[in-house]
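Single-structure report; data block below.
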Amino acid sequence: MDTLATKKYYLLIMIIILVSFCIGFSYLINNQESKNNITLFPENKIILASGKLIYDDQCASCHGINLQGQEGWQDELVDGLRLAPPHNEEGHTWHHTDYHLFMLTKYGIEEFLNMDYPNNMPAYKNLLSNDQIISVLSYIKSKWPSHIRIKHDQLNKVFKEN
């Protein structure tokens, strides 16, 4: 191979690598909300501090300052709407994966489920960034007892493997 042919060959290889990188990066950007890209961080003190502030401002008025929810949440309706469930170990929040909690919070219950579900929970897609939603959910998870967090971690593992 002469020098010009070698240079063209290496240039072609570099172009292929660059295009492959761009396609891969584009895939990651467009699939930020895939089940494998949503992870909570209940041990990260900086994320938890931010999550607590946002929770206190956006969530505590319904779900309670101590994550206790509204009394009667399981079976009562007020003005035809469901009451806010607890986010502590007594509720069902920990029965849902990180991904599902994120999607329910970002898009709202009705949009995520694609069905009517009368509730007061707003969709946060235009109110909070993805990182803010992750920080709130991380704060909530940090308040669960260790045996609940272990069960939740196992649920996430099984979900991400399938």
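The values are calculated or read from the model by the stated rules, or taken from the named source; none is laboratory data. Computed from a predicted model, the values in this text were never measured in an experiment. Virtual Cβ from ideal backbone geometry, glycine too; neighbours counted across all protein chains shown.
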Cβ-Cβ under 8 Å, sequence separation 6+ or interchain: first residue in region 52-74 and over 14 Å from Met121 (Cβ atoms), partner of a type in the set (S, T, N, Q) and outside any loop (DSSP other than H, G, I, E, B). Which pairs? Ile54/Gln132; Ile54/Ser135
Subset of region 77-114, residues more than 20 Å from Trp144 (Cα to Cα), part of a loop (DSSP other than H, G, I, E, B) and not small (Gly, Ala, Ser), comes to Asp79, Leu83, Asn114
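Yes/no per residue for (1) charged (D, E, K, R); (2) at pLDDT below 95; (3) exposed (fewer than 11 other Cβ atoms within 10 Å of the Cβ); (4) not in a helix (DSSP H, G or I):
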| residue | (1), (2), (3), (4) |
| --- | --- |
| Leu11 | no, yes, yes, no |
| Ile23 | no, yes, yes, no |
| Pro42 | no, no, no, yes |
| Cys62 | no, yes, no, no |
Does Ile54 qualify as being in the same structural domain as Leu137 (by TED's automatic domain parsing) and not in a loop (DSSP other than H, G, I, E, B)? yes
Give me the pairs, please: first residue somewhere in region 114-127 and without any contact (Cβ under 8 Å) to a residue 60 or more places away in the chain and closer than 17 Å to His100 by Cβ, second residue anywhere and part of a loop (DSSP other than H, G, I, E, B) and aliphatic (A, V, I, L, M), beta-carbon distance under 6 Å, and either six or more positions apart or on two chains. none
Given the structure, is Gln74 modelled with pLDDT of 95 or more, farther than 17 Å from Ile134 by Cα and assigned to a loop (DSSP other than H, G, I, E, B)? no
Is it the case that Leu128 is within 17 Å of the chain's Cα centre (by Cα) and not β-branched (Val, Ile, Thr)? yes
Quick test for you: out of Leu155, Leu101, pick the one residue that is over 12 Å from the mean Cα position of the chain (by Cα) and under 18 Å from Asn36 (Cβ atoms). Leu155
Matching entry among Asn120, Asn126 (being in contact with a strand residue (DSSP E or B) (Cβ under 6 Å, 6 or more places away or on another chain), over 21 Å from Ile148 (Cβ atoms) and of a type outside the set (Gly, Ala, Ser)): Asn120
